Structures are given as C-alpha cells and as structure tokens.
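Below is one structure, written out as structure tokens, with a few remarks after it.
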Amino acid sequence: MQSYILALDQGTTSSRAILFNHAGARVASAQHEFRQHYPRPGWVEHDPMEILRCQERAAADVIEKSGVQAQMVAAIGITNQRETTVIWDKRTGKPIYNAIVWQCRRTAGICEALIKDGLEAYVSEKTGLLIDAYFSASKVKWILDEVPGARQRAMNGELLFGTIDTWLVWNLTGGNEAAAHVIDYTNASRTMLFDIDKLAWDETLLKAFCIPPAMLPQPVPSSAVYGRVAPGVAGLEKLAGVPVAGAVGDQQAALFGQACFRPGDAKNTYGTGCFLVMNTGARSIRSRHRLLSTIAWGLAPGRAEYALEGSIFNAGSVIQWLRDDLGIIQSAPEINILAETVPDAGGVYLVPAFTGLGAPYWDMYARGAMLGITRGTTRAHLARAVLECIAYQVCDLVLAMQQDSGKRLQDLKVDGGASVSNVLMQFQADILGCRIHRPQNVETTAAGAAYLAGLAVGFWRDKEEISRNWKNERVFSCAMDEPTRNEAYRMWRRAVGRAQNWITP
Ligand code: ADP
C-alpha cells in the first residue's frame, strides 16, 4: 500500500519538498535556497538549472531523511511561483536566458504600449487579468526580442516556453522529445495569453506579443498524470516511475489546501504581502474593482473552477519595517507582546503605502502616512496600528470581492507567517465581522499540491475526503459591535484618503 504523496513547492526564494501522509499531515520536509539575480534596478532573474537542481536535491533529501521507501510514494504534485518565465532549447534542455521572475519590472514599457493601444478591455475579457509586467506574456516577448535569433528558432519549433511547473514537469519526465510539455490551467491563467473560459491559448494575444504557437505547452488540468519520473533524473533515481500527477500555482494551491471548495469560500495568506483568494465556482467573474479573475483549478480536461484574487503589497513587511528600520521591536513575535499591552491603537492609523496602493485604490502616487498621533501615543499604540493596518487592507479587499461576487463573507481561512498573531487575527475578525479559521496545518500550499496529485491517482477519493483532513487550530469570532466597527473603518478610509496622491508624478 502506497502511503505518501510528495509535494514539490518551488517558491521564489527556495525549493522545498514535503512528504504528506493520507491524513494530510506533513511527515518530513527539505528545503534549498537558490540565488536571486538583480542584473539592473527592477530586474529579477533566476537560473532555471539552479532551480531544478535545488528542487531535485530537496526531493532526494526528503526521501533520504524520512527513511520512507520511494516505492511508498504514490505520486508527485507540484506547486510553484507563478508567472516566472523560462524558454529553453528542446534538444539540449538548456535555457536560452535566465528565468524572468514575476517581480521583474523590465517589461513595463511593453505593457504600457499595449495599454495605449487600447488592449486592456480585451485582455480583461479573455484572461481575467490587467495588463502588467507581472504576468508572463511580456516576459516571453522580451526574451524573444532580445536573445539573438530566438524568435526565428521559436518559429522553427526549436524552443519551448514554460512557467516553472512546465519546466519541472518536462525535466522530471525525461527532458527529451518524449517528455511532457504541459502547463496546468492555473499557471496558464497567469500568462496573459490564455482564454480562461475556453481553456485555450488566445490567438489575438499571441499575435499581439509576437509569440509563435509552436513553443507553447499543452494546457492540462491541475490534477492529472502528466507522465512518470524518468530513470536517470539527477538524484531522483529512487523515484523513477512515480507519476507526476498534479501542478498548480502557489495561491491556488493554498486555496485547495484550505479546502475552500464551495463558491464564496475564501483564504487569506499573511506573508510579506497578503493574497486573498475567493472561490467563485464554475463561473469566472470580471471585477469592477480591478481584482484579478483567475482559474482556481481544473480537475478534468476542459473543466475549471474560478476564483477572484486580490493582493496587498505590504503586510508582514510592515512588521519587518518596525523591527529592522525603526528598531521598535527586536523580533517579529515581539510585536504581539507589545500590542497586547494596550486595548487599542489609541486613534493612530498607519497607511503603509510604501510603494503606492494596490487594489482597490490603485494609486502609485500614494505614500505611507501615520495619522491621529497625540502626545500620549506610545510604541505600543504604534505596534497595534501596524497589525491593524494589515487587517484594514484585507477588509478593503474583502469588501471589493463581496461586491464583485455578490457573496457575503462569513468565514475566512488564514495561513502564512503573520497568521500566528492572535492580536491580528482577533482584530481581523472584529473589523470584518466574520469568523477567522486558523488551521492546524499551515502548510496549505504544499498540501494543496499534494491533494491535487493524490486525487489524480486515487490516493484520496474526492474533495469530501480532503475536507475531513482540514482541522481547525483556532477560531476567532467577532467581538466588536457594529457601530464601533463602522466608525473604525470609516476612519481608516479617511486616513487612506490623506495618503493618496501624495507624490507628484
Ligand atoms: P513569505 O512567504 O512572504 O516570505 P511568510 O509566510 O514566511 O512570508 O511570513 C513572513 C512574515 O510573517 C514576515 O513578514 C513577518 O513579519 C511575519 N511574522 C513572522 N512571525 C510573526 C509573528 N509571531 N507575529 C506576527 N508576524 C509574524
């Protein structure tokens, strides 16, 4: 009886491998960091070969460390940093350029030109996205434009494009003519080239970005056997023959790992930034607040479920700012001890618009502001204002999502580094007027990838069985009365108003 699923979590700074058992519990994990390359200001690259080697090493390490026999692994599931773009030579398997990372801003000019050409409405209608350098399309175009001979070679069918899931699956399944060249629906939905309703590449967008169709991977469900680990993959000899049975973008993986299976179910990840994702069911919704409409997962060919997604640029990073730049706390956990010494922020509001404001304001000229300070303001009030500003920003997104989806949020599942803060979680429940559910297993991203792969090979029967694996660690219920909540939120919006449009372009 095979007892484990191996999840490969290929993130922005490290590659991890985690073994899960049938109860959805983590049995063992291994992790390797890799180098970030910043060739110019605003440019971010990774070496795809280094990513691959780190990932293979993490997988080999976790098998070694756990003592689990490789034959006991029923399947491998992948979750990955999204949008990051790789182009490689089909014959040699060598990338023709470094991977251009989602954070990289080098293609902002390409995107501005397309906005000027009036392509934005079309992009939103077909892909659910906004035109931005964040997504893969302009990164592919850049490599084809800048690497000598690349576009011609792509047209000749010599080059392959992929997001990181594509790159890993192709290499794990042999890295040759016979290897699987696929992209799962969720990753495809972040390329800005994919029609999320038809589940097919969009010809008009391929033309707009001058991308030859010959280099595109085949779109596939997030849960399906794409191939098997080929013999001779460096370090993974023991895993040869194991089915590679799922791939999914990291935020979508977390939504699945949190068992947010019904329309209206939502999760928020409190990391450096925040990612709020709400399941919208079989229907993709176009946001009136410039939130993204994206594929949540596809469990069968030609079928997908959808989600609305909103992100916050600065969340946990504000805590780091308090620690590293203001020196008010020595460690991140200390913020909670300090904040608990006061009942509220004493009327202080912090708007952390360090790099402008994202959804639903979209103001790149906004800058940070602190308001309501009096002679009685202490560092404890400031600590509290930092935690509260994270919750207020999530509230902004939730309100926008409720309007777009027509669904009132009653429950929010949480994960990520800052979700361990009880002060923050309680204030989040108070200001949203809903219940916050913090799971025992906060490895939701890796768990989501494991679940999707496990479903494909029958390791788990269905979503119901997976739902039963999801266990609450703690529920935070709203303890704030409505007038207090409304007044607090009204003051937050006033504070945001003061921060908006601060610098002159
Ligand atoms: P990422 O994946 O974006 O790197 P993580 O999910 O690891 O982020 O979360 C890291 C963030 O969590 C940091 O910004 C840090 O400020 C915050 N954090 C870590 N521990 C605590 C804590 N005990 N209380 C509040 N915030 C915390």
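Only a single criterion out of (1) within 12 Å of the ligand (Cβ to nearest atom); (2) touching a residue at least 40 places away in the same chain (Cβ under 8 Å); (3) buried (at least 19 other Cβ atoms within 10 Å of the Cβ) is not satisfied by V442, namely (2). In this structure, is V457 of a type in the set (A, V, I, L, M, F, W, C), within 16 Å of the ligand (Cβ to nearest atom) and either more than 25 Å from G346 (Cα to Cα) or out of contact with any Phe, Trp or Tyr (no Cβ under 9 Å at 6 or more places or on another chain) (or both)? Against the criterion (of a type in the set (A, V, I, L, M, F, W, C), within 16 Å of the ligand (Cβ to nearest atom) and either more than 25 Å from G346 (Cα to Cα) or out of contact with any Phe, Trp or Tyr (no Cβ under 9 Å at 6 or more places or on another chain) (or both)), V457 does not qualify.
Of the residues screened, E340 is not one that is out of contact with any Phe, Trp or Tyr (no Cβ under 9 Å at 6 or more places or on another chain), within 10 Å of the ligand (Cβ to nearest atom), farther than 19 Å from Q103 by Cβ and open to solvent by 30 Å² or more (accessible area, probe 1.4 Å). Selection of region 264-290 for residues being in contact with a helix residue (DSSP H, G or I) (Cβ under 9 Å, 6 or more places away or on another chain) and open to solvent by less than 10 Å² (accessible area, probe 1.4 Å) yields A266, K267, N268, Y270, C274, L276, V277, M278, N279.
For G372, only one of the following conditions fails: (1) touching a strand residue (DSSP E or B) at 6+ places or on another chain (Cβ under 7 Å); (2) closer than 30 Å to D404 by Cα. What is its number? The number of the failed condition is (2). Among the residues of region 63-96, count how many are part of a loop (DSSP other than H, G, I, E, B) and open to solvent by 60 Å² or more (accessible area, probe 1.4 Å). Qualifying residue count, region 63-96: 5. Taken as a whole, the structure leaves G448 outside the set of residues that are open to solvent by less than 30 Å² (accessible area, probe 1.4 Å), modelled with pLDDT under 95 and closer than 30 Å to A245 by Cα. Checked against (1) open to solvent by 40 Å² or more (accessible area, probe 1.4 Å); (2) touching a residue at least 40 places away in the same chain (Cβ under 8 Å); (3) away from the ligand (no atom under 16 Å from the Cβ), M370 meets all criteria but (2). Just one of the listed residues (A300, A332, A359, A307) is modelled with pLDDT under 95, more than 16 Å from the ligand (Cβ to nearest atom), out of contact with any Cys (no Cβ under 7 Å at 6 or more places or on another chain) and among the aliphatic types (A, V, I, L, M), namely A359. Please indicate, with yes or no, whether at least one residue in region 194-205 is buried (at least 24 other Cβ atoms within 10 Å of the Cβ), farther than 20 Å from G448 by Cβ and modelled with pLDDT of 95 or more. Yes: one or more hits. Inclusion of D9 among residues that are touching a strand residue (DSSP E or B) at 6+ places or on another chain (Cβ under 7 Å) and in contact (Cβ under 8 Å) with a residue 60 or more places away in the chain is warranted. Looking only at residues in region 322-333 that are out of contact with any Lys or Arg (no Cβ under 8 Å at 6 or more places or on another chain) and open to solvent by 30 Å² or more (accessible area, probe 1.4 Å), the one that is nearest to V423 (Cα to Cα) is P333.
Could you look through region 401-428, keep only residues that are surrounded by fewer than 23 Cβ atoms within 10 Å (Cβ to Cβ), modelled with pLDDT of 95 or more and more than 11 Å from the ligand (Cβ to nearest atom), and pick out the one that is nearest to the chain's Cα centre (by Cα)? The residue in question is D411.
Those strands (runs of 3 or more DSSP E) of region 253-371 in which at least 2 residues are under 27 Å from M480 (Cα atoms), considering only elements entirely within it, cover 266-270, 274-281, 303-312, 349-351, 369-371.
Taking the criterion of being closer than 24 Å to D89 by Cα, in a strand (DSSP E or B) and in contact with a Ser or Thr (Cβ under 8 Å, 6 or more places away or on another chain), the residues of region 9-54 that qualify are Q10, H46.
The values are calculated or read from the model by the stated rules, or taken from the named source; none is laboratory data. Quick caveat: nothing in here was measured; it's all calculated off a predicted structure. Note that we place each Cβ from the backbone using ideal geometry, even for glycine, and neighbour counts take in every protein chain shown. For the accessible areas, the whole protein counts, side chains as well, though only heavy atoms, and no ligand, DNA or RNA atoms are used. Shrake-Rupley method; radii C 1.70, N 1.55, O 1.52, S 1.80 Å.
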